[in-house]
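Taking it in order: structure first as structure tokens, then the write-up.
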Amino acid sequence: MIKKTAVALLALLVSLSGCAKDYSLAPPAESDQMTITVKVPKELVAETLEVMYRSAICKRITHGASGQRIEMEGYHGIDLQLQQQGQSDLYQARLSMDGGGACQWYLSNVIFGVAYKNPKRFGENVTYGAGGGVVVMFDENRPLRSSGLPIKVEGDLTVKKDYFPWLSEAFLGGHRKQISLTGEGGIYLMYQALQARQVYFEPVLHSDFLVTSVQPKVKKKGNHTAFTYPDGIVVTDGRSKPNILKLQAIRLAAESKK
């Protein structure tokens, strides 16, 4: 992905069908706007917003297995930092649906999310792992970072999901300890919202319900990662990530006693 900053968009001059093409973005003033809003819990930070524009005019040329020429839509990516709205916990970015320019760019998809602000609060050598990400498609093209099928929605998109802190320790391939956000789905939740002009993401972090895991030091049949859930129960059932239904059951049971 070719990445640009919001302040300075680097123009790429390339030869296309014998003519020089200016690949820069030039959104028209009257372009429809897409608003991305993330409500960020105090322990987390908003990650960089990755924006993908595509063009049917400025083609990307690849070659098939037999060497045949394949023309595909070109793409142009920029990175943006979501901006805090006053003193609130809302962070926002506004994007032009029409990217303009000689290539007539159009907004294709965005990738954003949240991460732990200070992983070391879980231990000196702890780093941030994964989770808490969202991919939103505004057309039929697959994003560069995606897996599975998107959830299709009509109109604007509102995503409010529960997340739990997951502290994992692994040994195979080198020792590492990571704090991740585990919840419904995988690392990224993926949506397709063809008519959207507003995208709102609210991750609900349940900080008091930490799940930990320890990977086996030796890879052999019968060795499984051991998960210790917030109720103290240890489970080695062959899973590679925590059981979100079990975490939700533990949380709901604890909250019902308050």
So, Phe201, is that one assigned to a loop (DSSP other than H, G, I, E, B), of a type outside the set (Asp, Glu), within 27 Å of Lys42 (Cβ to Cβ) and touching a residue at least 12 places away in the same chain (Cβ under 8 Å) or not? no
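Looking for something in a loop (DSSP other than H, G, I, E, B), buried (at least 17 other Cβ atoms within 10 Å of the Cβ) and under 18 Å from the mean Cα position of the chain (by Cα) - is there at least one such residue anywhere in the stretch 187-195? It would help to see each step written out before you state the result.
Initially, the stretch 187-195 is screened for residues in a loop (DSSP other than H, G, I, E, B), giving 187, 193-195.
Restricting the remaining residues to those that are buried (at least 17 other Cβ atoms within 10 Å of the Cβ) gives 187, 193.
Within this subset, residues satisfying the condition of being under 18 Å from the mean Cα position of the chain (by Cα) are 187, 193.
Yes.
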Note on Gly185: of the conditions (1) in contact with a Gly (Cβ under 8 Å, 6 or more places away or on another chain); (2) under 19 Å from Gly129 (Cα atoms), unmet is (1)
Just one listed residue, out of Leu144, Leu181, is among the hydrophobic types (A, V, I, L, M, F, W, C) and closer than 30 Å to Lys219 by Cβ, and it is Leu181
Taking the stretch 116-148 and keeping only residues that are modelled with pLDDT under 90 and hydrophobic (A, V, I, L, M, F, W, C), one is left with Leu144
Here are Gly77, Gly113: which of them is small (Gly, Ala, Ser), modelled with pLDDT under 95 and in a strand (DSSP E or B)? Gly77
Consider the stretch 84-122. How many of its residues are farther than 21 Å from Ala29 by Cα and out of contact with any Leu (no Cβ under 8 Å at 6 or more places or on another chain)? 11
Does the stretch 220-227 include one or more residues that are in a loop (DSSP other than H, G, I, E, B), in contact (Cβ under 8 Å) with a residue 12 or more places away in the chain, buried (at least 19 other Cβ atoms within 10 Å of the Cβ) and of a type in the set (A, V, I, L, M, F, W, C)? no
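The values are calculated or read from the model by the stated rules, or taken from the named source; none is laboratory data. What you see is a predicted model; the values in this text were computed from it and never measured. Using ideal geometry, Cβ is built from the backbone for each residue, glycine included, and neighbour counts are taken over all protein chains shown.
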